[in-house]
Amino acid sequence: MIEYLQKNSGEIIAALGQHIYISAIAAIIAIIIAVPLAIIMIDHPKGGEFVSQVAGVIQTIPSLAILGLLIPFVGIGTLPAIIALVLYAIMPIFQNSYSGLTNIDPILIEAADAFGVSKRFKLFRVQLPLALPMIVSGIRIAVVLIIGTTTLAALIGGGGLGTYILVGIQTNNDNALVVGAVLSAILALLANGLIKLLGKVSLKRIVIGVATLLILFGGYTVGSKLIAQRTQTITIAGKMGGEPEVLINMYKDLIEEDNPNVKVQLKSNFGGTSFLFKALKSGKIDIYPEFTGTVMQSLVKTSDSVSHNPQKSYQEAKQLLKQQFDMTYLKPMKYENDYALAIRTADAKKYNLKTLSDLQKLSSNFNAAFDPDFYQQADGYPGLKMTYGIEFASVKTMEPSLRYEALADNKIDVTDAYTTDPQLRQYALTTLKDDQSFFPPYQGAPLMKASFAKKNPKVVKSLNKLAGKITTKDMQEMNYQVSVKHRKASIVAKEYLLKHNLIEK
């Protein structure tokens, strides 16, 4: 752990800063919305009840669903994360503020009215000071909720401590997982204590403090955008796992080596196929690595059967992406990251299982767990089930790295795998032969909008350096280094590029 902290201290501090930034902005906006709304509703009980119910309904919606719904409208990164967090934080702040303001002893209100004070005087000198403990309590609840939920911002490229939690899960790296989880918990405790102290400060000073924070954060945001405008920024995203992270780091190094005025922004562990493809279509990301089999089975519409010839499959995928979505699919790498079903080697020997047809005869006795993408895509479990007639005793979805652990620990019996996955080697698992040739070829290549490719020919040229490169053995080894040895994907990617003279030292 000490060694991990020493090697990654700069990045951890940056992630902590991102987490604080997102949380603080969301909390301040939620306060600005919820508290005035509660004040407006003091004399409108029906309206106050309606707002409480709406805020309560919003909180029942899963946070990941809200993030997914926001992407087509506001893109990826910190903005959708902040909007989602604000929506979640409004309810506790509003409810506590409204309760505090409407449950003040009527005698005190009558006394204020008897003195003939103005509504403004009564609000700021009587009602708000008396309701302040309840308001602060609601803010404390909301801030702790925000800090915990901000970890999900990493799923849409928002950064923060959630990045380390995702990396820890995907690469089975306990150090990263502990760093992300513990720092989030500590941050929540510190924020809770700080707000508790603020409860003893006068209302005037709190307002001044909030206004100061808004000015500082506004200046930081504007300054960051002005700096970013000086260079072209390209956003590259990757799916969950170590292999996509290696690939997008290669893309970054190749582009920045050949294009000094271009800054590449990486969004690793960004999500599943449909998530990424929607983000690319809406222009929220510029490039991501996709595989020919997934394109043909899940992204494009075609009445023809998918070719099992790698070159023909790629040409068909390229043509259909251009026709249907006006996208450019660059030349693929050499290796094929094919789907397979993996079982424990002991079970393969015990039941003499060598092919997927062999598995079909015994599938009703086995429990399976699949990656969410594999579980729902046509080129995954649904199509496999129809082709082979496989019916498992139970099927559940599980994060990629966790399903391998579950298989090794005898919690499940079958899982999906990629032929380049390092866990096959790590846990000594056996993959079953696709004897009916269901799975199409899976060659990876950069996918982008045609307009982007036309506008950035130098970027296309840089990425085409990977065409025909990287063997299956190469990718297996790089995956092993990232997911098992817990080396940084950026370092592993750069080592490959340097070794094969694709970039200069």
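The values are calculated or read from the model by the stated rules, or taken from the named source; none is laboratory data. Bear in mind that the values here come from a model prediction, so they are computed numbers and not experimental data. Using ideal geometry, Cβ is built from the backbone for each residue, glycine included, and neighbour counts are taken over all protein chains shown.
Of everything in the stretch 12-71 that's more than 30 Å from ARG125 (Cα to Cα) and outside any helix (DSSP H, G or I), which residue is farthest from the chain's Cα centre (by Cα)? This residue is ILE61. Across the stretch 199-242, the qualifying residues are those that are in a helix (DSSP H, G or I) and touching a helix residue (DSSP H, G or I) at 6+ places or on another chain (Cβ under 7 Å), and the one among them that is modelled with the highest pLDDT is GLY242.
Just one of the listed residues (GLU245, GLU290) is touching a helix residue (DSSP H, G or I) at 6+ places or on another chain (Cβ under 6 Å), acidic (Asp, Glu), modelled with pLDDT of 90 or more and crowded, with 22+ Cβ neighbours inside 10 Å, and it is GLU245. Inspect the stretch 121-144 for any residue being farther than 20 Å from VAL35 by Cβ and in a helix (DSSP H, G or I) and give the result as yes or no. Within the stretch 121-144, not a single residue is farther than 20 Å from VAL35 by Cβ and in a helix (DSSP H, G or I). Of LYS485, LYS473, all but one fail to be at pLDDT below 95, more than 22 Å from the chain's Cα centre (by Cα), on the phi < 0 side of the Ramachandran plot and not in a helix (DSSP H, G or I); the exception is LYS485. Every condition in (1) touching a strand residue (DSSP E or B) at 6+ places or on another chain (Cβ under 9 Å); (2) of a type in the set (S, T, N, Q); (3) touching a residue at least 12 places away in the same chain (Cβ under 8 Å) holds for GLN376 except the one numbered (3).
If the condition is being polar (S, T, N, Q) and surrounded by fewer than 17 Cβ atoms within 10 Å (Cβ to Cβ), then the stretch 309-356 contributes ASN309, GLN311, GLN315, GLN319, GLN323, GLN324, THR345, ASN352, THR355. Residues in the stretch 376-414 that are within 23 Å of the chain's Cα centre (by Cα) and hydroxyl-bearing (Ser, Thr, Tyr) were compared, and the one that is modelled with the lowest pLDDT is SER401. One residue alone among LEU123, LEU152 is of a type outside the set (Phe, Trp, Tyr), in the same structural domain as MET91 (by TED's automatic domain parsing) and crowded, with 20+ Cβ neighbours inside 10 Å, and that residue is LEU152.
Within the stretch 448-472, restricting attention to residues that are among the β-branched types (Val, Ile, Thr) and under 19 Å from LYS322 (Cβ atoms), the residue that is surrounded by the most Cβ atoms within 10 Å (Cβ to Cβ) is VAL459.
Would you please list the contacts, defined by Cβ atoms under 7 Å and residues six or more apart or on different chains, that run from a residue in the stretch 353-369 that is touching a residue at least 60 places away in the same chain (Cβ under 8 Å) to a residue that is β-branched (Val, Ile, Thr) and buried (at least 17 other Cβ atoms within 10 Å of the Cβ)? As it stands, the answer is LEU353/ILE343; LEU359/ILE390, since those pairs meet every condition given.
In the stretch 379-430, of all residues being among the acidic types (Asp, Glu) and free of Cβ contacts under 8 Å to residues at least 40 places away in the same chain, the one that is nearest to LEU276 (Cα to Cα) corresponds to GLU391. Just one of the listed residues (SER99, SER137, SER118) is out of contact with any Ser or Thr (no Cβ under 7 Å at 6 or more places or on another chain), free of Cβ contacts under 8 Å to residues at least 12 places away in the same chain and either polar (S, T, N, Q) or not assigned by TED's automatic domain parsing to the domain that holds VAL54 (or both), and it is SER118.
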